[in-house]
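The structure appears below as structure tokens.
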Number of protein chains: 2
Amino acid sequence: MSGHRQLSGQIRETHVGEKVHLKGWVQKRRDLGGLIFIDLRDRSGVVQVVFNPERSSEALATADKVRSEYVIEVAGDVVARDEGAVNENLATGRVEVMADSISILNKSKNPPFQPQDDLDVAEELRLKYRYLDLRRNPMQETFKLRHKATQSIRNFLNDDDFLEMETPMLTKSTPEGARDYLVPSRVHEGDFYALPQSPQIFKQLIMMSGFEKYYQIARCFRDEDLRADRQPEFTQVDIETSFMSKDEIMDMTERMMKRVMKDVKDIELPTPFPRMKYDEAMERYGSDKPDTRFGLELVNVSDVVKASEFKVFKGAVESGGSVSAINVKGKASEFSRKDIDKLTEFVKIYDAKGLAWVKENEGELQGPIAKFLEDEVAAGLREALEIEEGDLILFVADKTSVVHESLGSLRQKLGRELGLIDESQFNFLWVTDWPLFEYDEDLDRYFAAHHPFTMPEREDIDKMSDQPGETKAQAYDLVLNGYELGGGSLRIYEKELQDKMFEVLGFSEEEAKDQFGFLLEALEYGAPPHGGIALGLDRFTMILAGRTNLRDTILFPKTASASDLLTQAPDSVSEEQLKELHLELNEKAKENQKNK
Amino acid sequence: MSGHRQLSGQIRETHVGEKVHLKGWVQKRRDLGGLIFIDLRDRSGVVQVVFNPERSSEALATADKVRSEYVIEVAGDVVARDEGAVNENLATGRVEVMADSISILNKSKNPPFQPQDDLDVAEELRLKYRYLDLRRNPMQETFKLRHKATQSIRNFLNDDDFLEMETPMLTKSTPEGARDYLVPSRVHEGDFYALPQSPQIFKQLIMMSGFEKYYQIARCFRDEDLRADRQPEFTQVDIETSFMSKDEIMDMTERMMKRVMKDVKDIELPTPFPRMKYDEAMERYGSDKPDTRFGLELVNVSDVVKASEFKVFKGAVESGGSVSAINVKGKASEFSRKDIDKLTEFVKIYDAKGLAWVKENEGELQGPIAKFLEDEVAAGLREALEIEEGDLILFVADKTSVVHESLGSLRQKLGRELGLIDESQFNFLWVTDWPLFEYDEDLDRYFAAHHPFTMPEREDIDKMSDQPGETKAQAYDLVLNGYELGGGSLRIYEKELQDKMFEVLGFSEEEAKDQFGFLLEALEYGAPPHGGIALGLDRFTMILAGRTNLRDTILFPKTASASDLLTQAPDSVSEEQLKELHLELNEKAKENQKNK
């Protein structure tokens, strides 16, 4: 067999009468009336190959030996299927290949699962046999989409005069932020590199190097306890520019997203994207990344209920907290007391003390707390929440942060469960006017809400020392369908301001110099005004592919305990390797290795 | 100042009369006759800005304050320069900008060196102030070229239906090969990840996953003692395909190179590239990566001289070694005895015992060994080496590996020093028919010459166990101007053959399973025939940019001791960080840290 190989999935009626030469995997084999039918799969799709004893008994005999996932090579003629045998669900369903010859290129044991579209096996098994899992059509499509999105982003940025540049992976550990992955140095005894949590400092240095427009599809690392939507290594589209304003960066990002949505989903995305201030997002959606595909908005009724004598409401407001509510429109009859009890359990996860509720029934608010609501309070709620017959109103009265988080999460849950979300929609949203600092109650200190290089609003600089909590950042997050797609900011480019930032964050002068001295020095040699954005490519792919598991968008992902089930990384290393790195395991680790 | 910003380097005579708004760095400031002239630099180039008291005394006063590398913003009118003031060496040399206003965006201290084209400072200083070094025009151009080459490669591969895919950075350590960089695991006590030396195994798994055509511009890591042309982290264009033959992969690579040379250098590269077997390359060039831009080829004269009674020659051949020579055409008179003594010292670096020589003078071979050469031997040499009047012939008689290495290196040195190399040429060459194994004399065992997954020639499989040194690999290296640009091979896709390979390499069954069990298992579930290639992007950029220092092609490179002089990585980490990773420094490392 020789000559140019064709792709199985591309054979059409126009090829009828042609000789073809195919290579691929046996998706399925059926024996029927002395014939053998093989669905032959390659990266382009599947075509049916028929072995007929009248054509070649030798080929039939070989075909009889093949099993699922064997790798074969076939030559034959393209013929039209009989009208009754046409399969309209298959792109190649109007044709089949009458085989003249077949070779077995490689065998396969019976696989632990068949690589079919609808697979129902434990994810652990899929990860262990990732190469079988990835043969499945939905996985192939996801990684083709990821490729397409990646190239679309690159093409946009290349056309916009950005330079793709590579920053180091073996960098310096900077404990501010998430936990670093460390890499011991063999040459410098006792020293370590750190894998980058992001190319943040390097991209700023690139701006100080005069390149003005940089991007990188960059691998980043965080050694954190993993939630379902986190991976120890992840990929971000990393962008930095000099001399551009916040609006110019946001506009550039919108044009990029417009191009990707057109290239990948053939959707004309309307721009500019809506913008919402952080405070408003928290107030209306209880979230800094609101999913605006559905309503169920939070309404702050503190002003209405503070006049009430109902202790739960009044108390929350008087102690500095607030009361917000969601109106679940017309769904009162769908929620039994038991259902609402479950919702109450749900909000308690977020530290809410409880969930109050009323239903509007025949012009009357009903429910356990209804009797505590004075007439004018009830009237105020009716107006604020636009209550109509059959509405269910859910309240949380608590510390404001708890009100937002619990009701915000409840809103998401109800939106999903009540089917309020249009899955075909892609709602982009900018969240702006972020706080510069976040207060950590346990440690009783302020941390950088984004990172310590974020530029404060110019008019807030005076507040940094005395009212850090009131200082706003020149930062912007891009939200898509309730996911944080990415975030960016203008950066500090003045040495004095960066010094002040470290001071507010509690760095001594020496600590700042020790950790970031090179950056502080670089700021003194003509650092241009600069800013940028970083977008999570794994998550973006997940949303574009309509998937919900981040691991389905990463080729060889890790589990929640940061293990690779396929290769069994991480793993033990030899004594000699440790010795070369000047390291010893501590007692506990030694014990653990002994017991392996 | 507001409105659209123009780029300094793009202003031309066609813009005369227009108002422009510029941002950038002060390259140079001159005061002349009450006026101030500033060369304003941005990523596009430089334009001259003039401050005139008659136009704005305020702007002049501000301009008087700026120094080199200040970041400024300027608005003004484009005017044509007087004929006498035109600078034809500058793209913007026919115009200048008469400034109406200027703002200082950021100041600069007097930099340790000026970012000018021709810089003569220690490389350490350039690396410490990398952001200043990178502002220099030659560096800007190198990274623009790197970007262009990268996109050209991507565009070719995208057009050829390859998918760009990302393989993990936190992988499993496999001690076969170079030394791994290790990453301690916090979750799995005493276990480590390894940073990939290449995505080799993962790209093979991608083929087993049915993707057929993969590429990645991949970061790779090797913890080796560094030579001038090595970096601890480097970038390779990593390509793998299923079902393609060796010739198809080489052809695809040639088409890719053709595209890059056209896109980046506007050169029409002739294809197919010449091919040379490994044995021939060693014999004719003394190198497995011959620079074919010049002659000075090695000629094996063992057969001629073995008849001689001259002990040095005869002895080398009789003890299994060989005698080769280079004819330095017409240069006899340019080499004094002293010069040749220096060449002798040079070949001794490569363990050669000496360098014999003769000169052809007035029809006679002259020199210390001439008297030992019988007439018929002299005649044989004349014929083999095409000796003419004025030629200098240099011989090495030794173990064949020493002959090749020493004369091959001498050839390179002479080619450079005699100016025989046409620097404008790009000579691509395939080196094929590589040995599958290399013998390590110290360890008395065979190692994989490329890696343990390389497919042997089918007809050599029987030799693997008994004559490993005679087994050829289905491997090919791409050589450009004497540099190894990259290499590839077909891979083993049959379980039994891979088992045999590990056996020859001295792995016990258990060791093979422990290290590569997942790969051996994957081979049993329908692994397709596959192969690929990997090309060094840093080195390719270096050659394309006409540079000789690999560090000039990497944005933030490391020194020979794997340090980043800018950020001071690697560095000490805290006790707490070590504790979280279940590690302790050994005594020596502790001592070293104490003394820092």
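The values are calculated or read from the model by the stated rules, or taken from the named source; none is laboratory data. Nothing here was measured: the structure is a model prediction, and the numbers come from that model. Here Cβ is always computed from backbone atoms with ideal geometry, including for glycine, and neighbour counts include all displayed protein chains. Side chains included, ligands, DNA and RNA excluded: accessible areas come from the protein's heavy atoms. Shrake-Rupley method; radii C 1.70, N 1.55, O 1.52, S 1.80 Å.
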Fill in the blank from the handout: Gyration tensor on Cα atoms of the protein assembly as shown, a ≥ b ≥ c root eigenvalues, a/c under 1.5 rounded, else prolate if a/b beats b/c, else oblate, says oblate
Exercise for the section: Heads up, I need the accessible area for A:VAL317: 1.4 angstrom probe, whole protein in place, Å², nearest 10. Expected result: 30
Handout entry: For the pair A and B, total buried accessible area rounded to nearest 100 Å², probe 1.4 Å
Key = 11000
Fill in the blank from the handout: With all protein chains in place and a 1.4 Å probe, A:SER561 shows an accessible area in Å² (nearest 10) of 50
Completion exercise
In the stretch A:204-238, the trypsin sites (Lys or Arg not before Pro) that sit in a DSSP loop and have at most 12 other Cβ atoms within 10 Å of their own Cβ are A:ARG227
Fill in the blank from the handout: Applying the gyration tensor rule to the Cα atoms of the stretch A:294-421 (axes a ≥ b ≥ c; rounded if a/c under 1.5, else prolate if a/b exceeds b/c, else oblate), the class is oblate
Problem - A:THR271 accessible area, 1.4 Å probe, all protein chains in place, Å² to nearest 10 - result: 60
Handout entry: Å² per residue, accessible surface of the stretch B:374-532 at 1.4 Å
Key = 42
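Order the following by accessible area, largest value first: B:THR400, B:THR14, A:THR174. Probe radius 1.4 Å; ligands, DNA and RNA are ignored.
B:THR14, B:THR400, A:THR174
Here are some pairs, A:LYS23/B:LYS262; A:LYS144/B:LYS579; A:LYS148/B:LYS172; A:LYS144/A:LYS342; A:LYS258/A:LYS472; B:LYS148/B:LYS558; which of them have Cα atoms lying more than 32 Å apart in this structure?
Numbers: A:LYS23/B:LYS262 34 Å; A:LYS144/B:LYS579 42 Å; A:LYS148/B:LYS172 29 Å; A:LYS144/A:LYS342 41 Å; A:LYS258/A:LYS472 29 Å; B:LYS148/B:LYS558 24 Å.
From A:LYS23/B:LYS262; A:LYS144/B:LYS579; A:LYS148/B:LYS172; A:LYS144/A:LYS342; A:LYS258/A:LYS472; B:LYS148/B:LYS558, over 32 Å: A:LYS23/B:LYS262; A:LYS144/B:LYS579; A:LYS144/A:LYS342.
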Fill in the blank from the handout: Within the under-9-Å Cβ sphere about A:VAL78, not counting A:VAL78, Lys/Arg +1 and Asp/Glu -1 give a net charge of -2
Handout entry: Calculated FRET value between A:ARG337 and A:ALA560, using beta carbons and R₀ = 45 Å, to 0.05
Key = 0.80
Problem - Efficiency of FRET from Cβ geometry, B:ASP161 and A:ARG458, R₀ 45 Å, rounded to 0.05 - result: 0.35
Problem - Nearby lysines by direct alpha-carbon distance to A:LYS329 (threshold 16 angstrom, same-chain neighbours under 8 apart not counted) - result: A:LYS359, A:LYS413
Fill in the blank from the handout: Mean Cβ-within-10 Å packing, highest first, puts peptides A:19-28, A:233-242 in the order A:233-242, A:19-28
Problem - Formal net charge of residues neighbouring B:ARG284 (Cβ-Cβ distance under 13 Å; K, R +1; D, E -1) - result: -3
Practice task
Among the aspartates and glutamates, select those whose C-alpha is under 14 Å from the C-alpha of B:LYS65, and discard any that sit fewer than 8 residues away in the same chain.
Solution key: B:ASP31, B:GLU73
Practice task
Indicate the gyration tensor shape class of chain A (rounded, prolate or oblate), computed on the Cα atoms with a ≥ b ≥ c the square roots of the eigenvalues: a/c under 1.5 is rounded; otherwise a/b larger than b/c is prolate and the rest oblate.
Solution key: oblate
Practice task
Sort A:GLU123, B:GLU364 by accessible area with a 1.4 Å probe, largest first.
Solution key: B:GLU364, A:GLU123
Practice task
For the stretch B:484-493, just list the computed ³J(HN,Hα) in residue order, Karplus coefficients 6.51, -1.76 and 1.60, θ = phi - 60°, integers in Hz, with x standing in for Gly and Pro.
Solution key: 7, 7, x, x, x, 6, 7, 10, 5, 10
Exercise for the section: Could you give the size of the charge dipole of the stretch A:8-106 about its Cα centre, using +1 on the Cβ of each K and R and -1 on the Cβ of each D and E, expressed in debye and rounded to the nearest 20? Expected result: 340
Handout entry: Charge sum, other residues only, whose C-beta stays under 9 Å from B:SER152's C-beta, Lys/Arg counted +1 and Asp/Glu -1
Key = +3
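With a 1.4 Å probe and all protein chains in place, put A:ASP159, A:ASP440 in order of accessible area, largest first.
Details: A:ASP159 110, A:ASP440 50 Å².
The residues order as A:ASP159, A:ASP440, largest area first.
Tell me the mean residue ellipticity at 222 nm calculated for chain B from its helices only (DSSP H runs of n ≥ 4, each -39500 (n - 2.57), averaged over every residue, nearest 500). Walk me through the intermediate numbers first.
Numbers: 18 runs with 179 residues, N = 596.
Mean residue ellipticity, 222 nm, calculated: -9000 deg cm²/dmol.
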Completion exercise
Expressed as a percent, the accessible surface of the stretch A:214-302 that is carbon or sulfur, using a 1.4 Å probe and the full set of protein chains, is 45
Practice task
Specify, per residue and in Å³, the volume enclosed by the convex hull of the alpha carbon atoms belonging to the stretch B:305-374.
Solution key: 97
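Taking the Cβ-Cβ separation of B:LYS588 and B:LEU418 as r and a Förster radius of 35 Å, what is the calculated FRET efficiency to the nearest 0.05?
On the way: r = 49 Å, r/R0 = 1.41.
It comes to 0.10.
With contacts defined as alpha carbon pairs under 8 Å and 6 or more residues apart, what's the relative contact order of chain B in percent? Display every interim value, and only then the final one.
Values: 1090 pairs, mean separation 73.0, N = 596.
12 percent.
Taking the Cα centre of chain B as the origin, how large is its charge dipole in debye, to the nearest 20, when only Lys and Arg (+1) and Asp and Glu (-1) carry charge on their Cβ atoms? Walk me through the numbers on the way to the answer.
Numbers: 79 positive and 111 negative charges, 568 e Å.
In debye, rounded to 20, chain B gives about 2720.
Dipole size in debye (nearest 20) for the stretch A:447-596 around its Cα centre, Lys and Arg Cβ +1, Asp and Glu Cβ -1?
Details: 16 positive and 28 negative charges, 187 e Å.
Computed charge dipole of the stretch A:447-596: roughly 900 debye.
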